[in-house]
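Visitor: Have a look at this one before I ask anything.
The values are calculated or read from the model by the stated rules, or taken from the named source; none is laboratory data. Given the structure is predicted, the values throughout are model-derived calculations rather than measurements. Glycine gets a Cβ as well: all are built from the backbone with ideal geometry, and neighbour counts include every protein chain shown.
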């Protein structure tokens, strides 16, 4: 049975175009990160650079794949019915990007929850299941690279995307719970925590919606290639969500200190100005390259 090649190529082409559009905001966020957090930990800078390199490689690979289908293999039905090697490589990169971002979130939650091992372990296990299933999916595709070999009983693919959705939802739900648990009832402080909660929900929904859309299209219509569109965008969604949440964290914490200090001072009749100034100075020194008074 030959696959509907025009449908697959059309979805592939749309996915590449949207992927290139998503890459623009990614570049903007990475530029803002390195410009703003010049004194951030070298390990975090290396992680951001590595994720950026993987995301760039994924875009190059899917673009090279559509080039092979439309230029190199033009009119060759046999080659067009196969998954290209460059696309197979992009599949592996997508799994790695998702895994690294989920592990980073797991570490963030472990710190926010003061070492809650159960939740952190659950997130790590789901991320490992997704990574293993993604690897199995790549191996299966390499062994049987025909587009029409994709069908609803493809266990590795279904497991990969189901575990990814479960992991993303658990990450978002845990962060929302931790933020709501930290609410103090103080007006402006509570408002900022609410804004941070909304940010986490919106960013988490981006990846969850993308993965869910892929899973639905993969199960309902695997042969027309429509599932390729959300799949190609997956690594961009994960990287952009990671950069959005991580980039907002230091600024949000400073805003929380500045917003809560006056109301805590009025409520408990204490002077928090020294703490506020020290907090702001430490933030400037670490993230904006400023100098802390008395710490030169």
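Visitor: Name the residues in region 116-148 that are at pLDDT below 80 and surrounded by fewer than 16 Cβ atoms within 10 Å (Cβ to Cβ), would you?
Guide: 145, 146, 148
Visitor: Follow-up question, since we're still on this one. Tally time: how many residues in region 57-102 are touching a residue at least 24 places away in the same chain (Cβ under 8 Å), over 19 Å from residue 141 (Cβ atoms) and either part of a loop (DSSP other than H, G, I, E, B) or under 19 Å from the mean Cα position of the chain (by Cα) (or both)?
Guide: Matching residues across region 57-102 total 4.
Visitor: I'm trying to understand the selection: among the residues of region 100-115, which are surrounded by fewer than 21 Cβ atoms within 10 Å (Cβ to Cβ) and in contact with a helix residue (DSSP H, G or I) (Cβ under 7 Å, 6 or more places away or on another chain)?
Guide: 100, 103, 104, 109, 110, 112, 113, listed by residue number.
Visitor: How many residues are surrounded by 15 or more Cβ atoms within 10 Å (Cβ to Cβ) and either assigned to a loop (DSSP other than H, G, I, E, B) or at pLDDT 90 or above (or both) when one looks only at region 27-44?
Guide: Looking only at that region, the number is 3.
Visitor: Looking at this structure, is residue 105 assigned to a helix (DSSP H, G or I) and either over 23 Å from residue 163 (Cβ atoms) or touching a strand residue (DSSP E or B) at 6+ places or on another chain (Cβ under 8 Å) (or both)?
Guide: No: the conditions fail for residue 105.
Visitor: Would it be correct to say that residue 118 is under 24 Å from residue 44 (Cβ atoms) and in a helix (DSSP H, G or I)?
Guide: no
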